[in-house]
Protein chains: 2
Amino acid sequence: MDKQVPRKRTRIQREKRELIREAALEVFAQHGFRGSTIDQIAEAAGMSKPNLLYYFKNKEAIFATLIQRLLENWLAPLREMDEAGDPRTEIRSYIRRKMEMARDFPRESRLFANEMLQGAPRILPTLEGELKELVDEKAAVIAHWMRDGRLKKADPYHFIFAIWATTQHYADFDVQVRAVLGEKRGGEGRFEDAARFLEGLFLE
Amino acid sequence: MDKQVPRKRTRIQREKRELIREAALEVFAQHGFRGSTIDQIAEAAGMSKPNLLYYFKNKEAIFATLIQRLLENWLAPLREMDEAGDPRTEIRSYIRRKMEMARDFPRESRLFANEMLQGAPRILPTLEGELKELVDEKAAVIAHWMRDGRLKKADPYHFIFAIWATTQHYADFDVQVRAVLGEKRGGEGRFEDAARFLEGLFLE
DNA sequence: GCAATTTTTGACCGTTTGGACAAACGTTAA
DNA sequence: TTAACGTTTGTCCAAACGGTCAAAAATTGC
């Protein structure tokens with residue numbers, strides 16, 4: 001039984017694999033896994049399909065590396081929430097960071113949303129394991145802050161959900177947001193406006 | 001040029017078309033338009049592919065009727081918000097209704113989310129037209145309430161976005177919510193808990 | 001009961017899809 | 001120069017896909 005040892009990668013392999021990931025993110029985020037084709041990704045990456053399949057053994061493998069990398073970045077901001085810090089400052093920077101992610105990495109957000117809509121077939125274990133653990137921990141921190149009267153009392157889990165929902169909304173439903181806000185308010189400033197609003201909402 | 005007159009429909013046609021819509025909603029909501037196949041929908045509806053295509057001329061046509069019906073129901077709750085009513089009561093019932101929709105019609109919510117993620121190719125005009133008009137109108141109502149000191153001051157547009165985002169989150173990201181809440185709190189009561197939390201968030 | 005109509009089916013078609021493969025091409029280092 | 005290795009391409013395949021069609025089966029109206 002020859003184990004699948006991760007081969008040493010050449011410079012070209014590293015570059016091309018990154019290029020493919022970039023292209024695949026674009027395509028998967030818009031059409032989901034089943035709705036995307038290898039040809040689409042290959043074209044977006046400026047190479048032929050067989051060439052792409054030289055770097056990734058199949059469609060699943062491309063998706064897998066994206067999802068894996070996504071989850072690392074996804075949990076990072078919440079991890080940074082520090083029990084020792086000032087509650088309001090901590091919450092405020094968490095909202096800020098989440099909002100910046102919605103602005104700067106909308107495709108990652110949409111990829112995640114797509115996976116959720118499909119019932120999270122590939123990351124359910126991570127959600128029930130790593131994510132749940134992290135949220136349990138941070139919810140306890142928030143609950144503690146609330147008990148000490150340093151934050152308005154509320155359900156800490158739904159508090160976290162609400163921050164997720166509202167911030168990611170500006171990435172996932174960006175079309176709708178821009179359509180409703182129209183020319184004037186739908187410009188670049190919309191993320192800044194949203195961040196300010198959310199700070200008021202969650203920290204009033 | 002023979003116009004496509006909407007034929008009179010038999011009882012069977014009405015029933016089967018409804019059955020197909022039901023099946024298609026299930027499939028489209030999970031996989032999006034491109035990710036869904038006619039065969040999948042036909043099987044979910046308990047009929048053969050050619051039989052399904054006897055009732056709808058193609059995949060697009062099925063999707064179109066779903067989207068059309070969806071938009072009507074989607075705007076209804078916001079339409080009911082009444083300027084003459086008590087602001088806090090109006091907001092509270094809007095949140096309640098939206099939350100009930102997330103609980104009772106999660107597939108509709110996911111279908112909508114899927115369309116958004118793909119850039120709303122089929123409903124962008126409606127968003128820029130009908131939806132924007134409605135939101136403009138209701139945002140003005142809310143702004144008025146706020147100016148009169150009957151509601152805490154905030155940006156009315158982002159206020160509405162936040163209600164959409166948080167309520168729909170419990171339908172679209174249901175897997176995640178259940179995974180994080182776990183056995184105990186992830187049961188049927190989660191929608192009620194969420195509704196209570198959101199009332200506090202938006203109205204306190 | 002029977003003719004007209006509606007519904008269902010199986011067989012089929014052209015295209016797209018994920019993926020395999022060998023051959024050709026390029027690069028490097030002895 | 002050449003052998004070894006990494007990269008790219010064109011060709012091919014089987015399965016899945018969206019959709020058509022004629023004919024069979026079921027239903028309806030008289």
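The values are calculated or read from the model by the stated rules, or taken from the named source; none is laboratory data. Treat the numbers as computed from the prediction; the structure is a model and nothing was measured. All Cβ positions, glycine included, derive from the backbone under ideal geometry; neighbour counts span all protein chains shown. For accessibility, only protein heavy atoms count, side chains too; no ligands or nucleic acids. Shrake-Rupley method; radii C 1.70, N 1.55, O 1.52, S 1.80 Å.
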Failed condition for residue A:93, given (1) within 12 Å of chain B (Cβ to nearest Cβ); (2) of a type in the set (Gly, Ala, Ser); (3) closer than 30 Å to residue A:26 by Cβ, with all others met? (1)
Would you mention how many residues in segment B:41-77 are among the β-branched types (Val, Ile, Thr) and over 16 Å from residue B:122 (Cβ atoms)? 1
When you go through (1) open to solvent by 80 Å² or more (accessible area, probe 1.4 Å); (2) within 16 Å of DNA strand D (Cβ to nearest atom) one by one for residue A:21, which number turns out not to apply? (1)
Suppose we filter A:76, A:45, A:84 for residues that are of a type in the set (A, V, I, L, M), in the same structural domain as residue A:113 (by TED's automatic domain parsing) and open to solvent by less than 80 Å² (accessible area, probe 1.4 Å); which single one remains? A:76
List the helices (runs of 4 or more DSSP H) inside segment B:13-90, counting only whole elements, that have at least 2 residues being within 13 Å of DNA strand C (Cβ to nearest atom) and of a type in the set (Asp, Glu). B:38-44
Here, helices (runs of 4 or more DSSP H) confined to segment A:105-199 with at least 2 residues that are within 22 Å of residue A:34 (Cα to Cα) are A:106-117, A:156-172
If you scan segment A:48-70, which residues turn out to be open to solvent by 20 Å² or more (accessible area, probe 1.4 Å), out of contact with any Asp or Glu (no Cβ under 7 Å at 6 or more places or on another chain) and within 16 Å of residue A:16 (Cα to Cα)? A:48, A:50, A:51, A:53, A:54, A:55, A:57, A:58, A:59, A:61, A:65
Residue by residue through segment B:161-204, note down the ones that are at the interface with another protein chain (Cβ under 8 Å from one of its Cβ atoms) and aliphatic (A, V, I, L, M). B:162, B:165, B:175, B:177, B:179, B:180, B:181, B:194, B:198, B:201
Some residue of segment A:141-157 being facing chain B (nearest Cβ under 7 Å), buried (at least 18 other Cβ atoms within 10 Å of the Cβ) and β-branched (Val, Ile, Thr): no
